[in-house]
1. Hey, what's the chain come to in accessible area per residue, 1.4 Å probe, Å²?
2. Arrange the residues 73, 3 by how much accessible surface each exposes, largest first, with a 1.4 angstrom probe.
3. Nearest 500 deg cm²/dmol is fine: what mean residue ellipticity at 222 nm does the chain get from its DSSP H runs of n ≥ 4 alone, each adding -39,500 (n - 2.57), divided by its residue count?
4. Placing unit charges on C-beta atoms (Lys and Arg positive, Asp and Glu negative, everything else neutral), compute the dipole magnitude of segment 1-57 about its Cα centre in debye, rounded to 20.
5. If DNA, RNA and ligands are ignored and the probe is 1.4 Å, what is the ranking of 26, 76 by accessible area, most exposed first?
6. For 88, 16, 77, write out the residues from largest to smallest accessible area, computed with a 1.4 angstrom probe and no ligands counted.
7. Apply the Karplus curve 6.51 cos²θ - 1.76 cosθ + 1.60, θ = phi - 60°, to the phi angles in segment 57-63 and return the couplings in whole Hz, x for Gly and Pro.
8. Considering only protein heavy atoms and a probe of 1.4 Å, how much of the accessible area of the chain is carbon and sulfur, as a whole percent?
Amino acid sequence: MFKAIHERFPRIDIAILPIGAYAPRWFMQAQHMDPEEAVEAYKILGARRFVAMHWGTFFLSSEPTREPLDRLKACWIERGYRTDELWIMDVGETRRLSAEKREE
């Protein structure tokens, strides 16, 4: 699915992807991706930035509250991605988006 999205929209600036509510996998995998799958989706989409969402606000599944964030950060570092491309926002936080020129 993400490959098809990238083919149709090859210049995605921001991918807002869910990283939580994934455990237990045998039950949740049909509905929710885990942090590593979200990072893979980001890679396939070719987005400039990743915004982590859908974690730590409500208890929807059995993973510990901060685990999605810890796994996301570990995967991000392991893949060698730039830290300024990962946005982990607090509840209620806002970011100003600008019309930056995209380098090809």
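The values are calculated or read from the model by the stated rules, or taken from the named source; none is laboratory data. Computed from a predicted model, the values in this text were never measured in an experiment. Cβ coordinates were reconstructed from backbone atoms using ideal geometry, including for glycine residues, and neighbour counts include every protein chain displayed. Quick note on the areas: whole protein, heavy atoms, side chains included, nothing else; ligands and nucleic acids left out. Shrake-Rupley method; radii C 1.70, N 1.55, O 1.52, S 1.80 Å.
1. Ligands and nucleic acids excluded, the result is 70 Å² per residue.
2. Output order, biggest surface exposure first: 3, 73.
3. Result for the chain: -9500 deg cm²/dmol, rounded to the nearest 500.
4. In debye, rounded to 20, segment 1-57 gives about 200.
5. Largest accessible area first, the list is 26, 76.
6. Of 88, 16, 77, the descending order of accessible area is 77, 16, 88.
7. 9, 10, 8, 9, 8, 9, 6
8. Whole-percent figure for carbon plus sulfur exposure: 56.
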